[in-house]
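The values are calculated or read from the model by the stated rules, or taken from the named source; none is laboratory data. The structure displayed is predicted, hence computed values, not measured ones. Ideal geometry is used to build each Cβ from the backbone, glycine not excepted, and the neighbour counts take in all protein chains shown.
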Amino acid sequence: MCKTLIVEDSATFRKTFREALCRQFPDMIIQESADGNEVLEKVTSFQPNLIFMDIRLPGKNGLALTGKIKKADAGIRIIILTDYDLPEYRTAAFGNGADHFVSKGSLNMNEIVGIVEKAQC
């Protein structure tokens, strides 16, 4: 059973992305966070296997949060999902321990399905 946390400040994107995940993985348990300040608390209480993390969030930066989460639990798979597909963000994402980097502009559900399946959660 895969426990997934969607960290995204856009309510519309969170809803659409959650619905797409639920269609592909009906047994997936999903929680959401819109605010960078609550992410670490959700990680502790929910204990997700997989996190889809936006970069720009109210409160805290998704890249810094990725680093903190990975230091605490390297087994959590973190996928950066962002509008900011820039080389410096990719470098920072992987430098902070992200497992994947996906641009929202080229979001492909087949790619997401492959990432989730490889996570084996």
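Numbers for the structure displayed
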quantity	calculated
Residue among Arg56, Arg90, Arg77 that is in contact with a helix residue (DSSP H, G or I) (Cβ under 9 Å, 6 or more places away or on another chain), among the basic types (Lys, Arg) and either at pLDDT 95 or above or closer than 11 Å to Leu5 by Cα (or both)	Arg77
In segment 29-75, residue nearest to Cys121 (Cα to Cα) [restricted to those that are charged (D, E, K, R) and in a loop (DSSP other than H, G, I, E, B)]	Asp73
Condition check for Gly36: at pLDDT below 95 and on the phi > 0 side of the Ramachandran plot	no
Filter result for Ala64 (under 20 Å from Lys3 (Cα atoms) and small (Gly, Ala, Ser))	no
Criterion violated by Tyr89 - all others in (1) outside any helix (DSSP H, G or I); (2) in contact (Cβ under 8 Å) with a residue 24 or more places away in the chain satisfied	(1)
Scope segment 31-62; condition farther than 15 Å from Ile76 by Cβ and in contact (Cβ under 8 Å) with a residue 24 or more places away in the chain; matching residues	Glu32, Ala34, Asp35, Gly36, Asp54, Ile55, Arg56, Leu57, Pro58, Gly59, Lys60, Asn61
Those residues of segment 98-121 which are under 19 Å from Pro26 (Cα atoms) and assigned to a helix (DSSP H, G or I), in sequence order	Met109, Asn110, Glu111, Ile112, Val113, Gly114, Ile115, Val116, Glu117, Lys118, Ala119
Qualifying residues in segment 16-60 (those that are closer than 16 Å to Ile80 by Cα and charged (D, E, K, R)) - the one surrounded by the most Cβ atoms within 10 Å (Cβ to Cβ)	Asp54
Residue within segment 36-43 that is aliphatic (A, V, I, L, M) and under 19 Å from Ile112 (Cα atoms) present	no
